[in-house]
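Here the structure is laid out as structure tokens; the discussion comes afterwards.
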Amino acid sequence: MSYAFLQQYWWFVVSLLGALLVFMLFVQGANSLVFSLGWTEEGQRKVIESTGRKWEITFTTLVTFGGAFFASFPLFYSTSFGGAYWLWMIILFSFVLQAVSYEFQHRKGNLLGTRTYRRFLVLNGIVGPLLLGGAVATFFNGSNFIVEKTSLTNLGAPVISSWANASAGLDALLDPWNLIFGLAVMFLARMLGILYIINNVPDEDIRSRGSVRLVGCTVPFLVLFLAFFVRTMLKDGYAVDPATGAVFMEPMKYLHNYLRLWPLTLLTVVGVALLLYGVLRTIFSSSYVKGIWPAGIGVVLVVLSLFLVAGLADTAYYPSNVSLQSSLTITNSCSSEFTLRTMFYVSLLVPFVFGYIAYVWRVMDKK
């Protein structure tokens, strides 16, 4: 195994975890619609009990995604999580609110009341996917950071990377295209949440309202995602000279990546087809309740392809808008060969972890 293979392998692992995280955001999506899907107290309780059996898997996937990035690409972790800390802190705080809400909303004597904790779930269901989507969009639109590896020799302030302004990552929300993609992810989470509830909660009233809400979420998602995707394919991208490592702007770089990595184009087409199949069949067939599975697989394939296109084929996956040569690639931000090789053998246990998750999923659904 060469060093280059290990770098690409770990970018694939991180991309897969990111894709699974986006799929698992169905928990947030369903929670954001708890008052809309469940008009009665009993209906809201059914929705929350259903998502309550899965929220820990979503949170675990988020933590695993961050941990994999830290272990395999530590310079990204220190640059993004350390520099854009307010963006990530708000995301994590919204997930903490979710955990607290599940734990305390039915406790006797809680001071805030059940509805307040349910509003916290709605807040997490909106803020979490919106900001996660905005953070991922910076992989294509860039962020404002500077990397100076020579700073390690500065005993007074041995900091490799720093944010170029005082916003600590919140400036990402000033880019309208980051917001557009964030909103697309939010509506996608709602679509997946509705499909999950239709599959998991055997209540005809909730299912009928879910089908109507599904239309209202699918239309804005398609508009927002297609606008972002087409613009990304046509914009200049952040290319890397493989000989020197220098970063430069290349017209329609991401479109070239899709053409160069044609299997990813195929994955994207198949993923979109599966997503639309799951959504449309659920909308037009009241007896079909398994749309979450083709749609979920489709989402994983599309998001996986987006991550791979952002980092492979001599592309800077975390570009800097203030210092182009500070942009991060899978070669200049990864761990040592020894670390990647050691983790490679550990990662062979991942299929067993997936098997355990599938087992826990089935056991929780039987409760």
Apart from one, (1) surrounded by 22 or more Cβ atoms within 10 Å (Cβ to Cβ); (2) under 17 Å from Ile198 (Cβ atoms); (3) not charged (D, E, K, R) all hold for Val22; the odd one out is (2)
Conditions (1) open to solvent by 10 Å² or more (accessible area, probe 1.4 Å); (2) touching a residue at least 12 places away in the same chain (Cβ under 8 Å) -> Met89 fails only (2)
For segment 50-155, give me every one of the helices (runs of 4 or more DSSP H) that falls completely inside it and has 1 or more residues that are acidic (Asp, Glu).
55-72, 85-104
State which residue is least open to solvent (accessible area, probe 1.4 Å) when the search covers only segment 251-291 and only residues that are within 25 Å of Lys235 (Cβ to Cβ) and not in a helix (DSSP H, G or I).
Leu261
Need pairs with beta-carbon distance below 6 Å; first residue in contact (Cβ under 8 Å) with a residue 60 or more places away in the chain and within segment 241-257, second assigned to a helix (DSSP H, G or I); sequence gap 6+ or separate chains.
Val247/Leu324; Val247/Gln325; Tyr254/Thr232; Tyr254/Met233; Tyr254/Val309
Return the residue satisfying two criteria in turn: it lies in segment 307-332 and is of a type in the set (A, V, I, L, M) and out of contact with any Leu (no Cβ under 9 Å at 6 or more places or on another chain), and of such residues it is surrounded by the fewest Cβ atoms within 10 Å (Cβ to Cβ).
Val322
For a quick check of your reading of the model, give me the residue pairs whose first member lies in segment 268-280 and is closer than 16 Å to Ile198 by Cα, whose second is among the hydroxyl-bearing types (Ser, Thr, Tyr), with beta-carbon atoms closer than 6 Å and at least 6 apart or on different chains.
Val279/Thr218
When you scan segment 190-237, how many residues do you find that are of a type in the set (Gly, Ala, Ser), open to solvent by 10 Å² or more (accessible area, probe 1.4 Å) and in contact (Cβ under 8 Å) with a residue 40 or more places away in the chain?
3
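The values are calculated or read from the model by the stated rules, or taken from the named source; none is laboratory data. A quick note: this is a predicted structure, and the numbers were derived from the prediction, not measured. Cβ coordinates were reconstructed from backbone atoms using ideal geometry, including for glycine residues, and neighbour counts include every protein chain displayed. Surface accessibility is based on the protein's heavy atoms, side chains included, excluding ligands, DNA and RNA. Shrake-Rupley method; radii C 1.70, N 1.55, O 1.52, S 1.80 Å.
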